[in-house]
């Protein structure tokens with residue numbers, strides 16, 4: 001499906017199933033196909049799944065417009081309004097989770113039932129009061145180090161069936177890291193801890209035990225910032241937890257969703 005934003009950018013998304021809506025966003029450079037092992041499970045359990053390719057990612061438009069996380073949050077708000085979504089569960093990996101933090105900052109949680117963060121620290125830059133930043137990112141090397149290749153994001157193999165889908169998508173819609181670099185800088189400059197401290201909705205952080213990007217210890221500490229936060233660490237998983245350990249991740253996901261009923 002296609003959605004035209006109010007600044008004229010075409011976003012591609014899937015809208016399947018019925019029931020409680022789950023809005024999904026993936027991380028920077030990825031596409032909605034990375035959730036191929038989750039979508040059928042969620043549909044089978046009675047959820048409506050809205051899986052979005054952000055601008056400059058996947059099948060959505062490549063553009064110089066809106067390369068900032070606040071615009072990405074507006075994109076989510078526009079789609080949720082257009083689809084008349086209420087009491088939505090927000091499920092995001094990496095930048096996807098941070099986009100939902102931006103959405104909460106701008107629009108609050110009136111239409112939100114729960115939030116799920118997959119391996120995204122609320123603060124990317126490490127400093128004296130937050131040692132859980134992205135790799136070795138500090139204010140001393142910000143933002144120059146972000147122009148370097150991010151390196152391997154996984155701890156092991158991505159599930160074969162999922163990999164086949166994301167590989168095909170990458171061939172059709174190559175990602176342009178240079179084009180999207182301003183978004184990476186804007187994303188990395190944010191500190192969402194104040195948003196988490198105000199969050200009343202149930203909140204789950206799922207971290208990869210072997211994430212190359214974040215120390216998994218961040219998950220329990222960040223979860224405690226929220227009023228109803230919990231965390232889980234998935235063994236033998238890197239940053240792309242849901243595609244590296246889909247069975248374990250799906251069980252954690254379903255267990256949390258059942259607490260919302």
Could we say that residue 88 is more than 16 Å from residue 10 (Cβ to Cβ), modelled with pLDDT of 95 or more, surrounded by 17 or more Cβ atoms within 10 Å (Cβ to Cβ) and out of contact with any helix residue (DSSP H, G or I) (no Cβ under 6 Å at 6 or more places or on another chain) here? yes
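So that you can scan it fast, the table gives a plain yes or no per residue for (1) closer than 21 Å to residue 24 by Cα; (2) modelled with pLDDT under 95; (3) in contact with a helix residue (DSSP H, G or I) (Cβ under 9 Å, 6 or more places away or on another chain):
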position: 215; (1), (2), (3): no, no, no
position: 219; (1), (2), (3): yes, no, no
position: 226; (1), (2), (3): yes, no, yes
position: 236; (1), (2), (3): no, no, yes
position: 241; (1), (2), (3): yes, no, yes
position: 245; (1), (2), (3): yes, no, no
position: 255; (1), (2), (3): yes, no, no
position: 259; (1), (2), (3): yes, no, no
Considering 148, 176, 75, 159, which residue is out of contact with any helix residue (DSSP H, G or I) (no Cβ under 6 Å at 6 or more places or on another chain) and under 26 Å from residue 209 (Cα atoms)? 148
Go through region 69-94 and report how many residues are part of a loop (DSSP other than H, G, I, E, B) and within 15 Å of the chain's Cα centre (by Cα). 1
Quick one: is residue 165 closer than 23 Å to residue 130 by Cα, touching a residue at least 40 places away in the same chain (Cβ under 8 Å) and over 18 Å from the mean Cα position of the chain (by Cα)? no
Scan region 22-35 and tell me whether some residue there is touching a strand residue (DSSP E or B) at 6+ places or on another chain (Cβ under 8 Å), surrounded by fewer than 19 Cβ atoms within 10 Å (Cβ to Cβ) and closer than 21 Å to residue 172 by Cα. no
Restricting attention to region 96-111, does a residue exist that is out of contact with any helix residue (DSSP H, G or I) (no Cβ under 9 Å at 6 or more places or on another chain), part of a helix (DSSP H, G or I), surrounded by fewer than 19 Cβ atoms within 10 Å (Cβ to Cβ) and in contact (Cβ under 8 Å) with a residue 40 or more places away in the chain? no
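The values are calculated or read from the model by the stated rules, or taken from the named source; none is laboratory data. Treat the numbers as computed from the prediction; the structure is a model and nothing was measured. Neighbour counts are summed over all protein chains in view; Cβ atoms, including those assigned to glycine, are modelled from backbone coordinates with ideal geometry.
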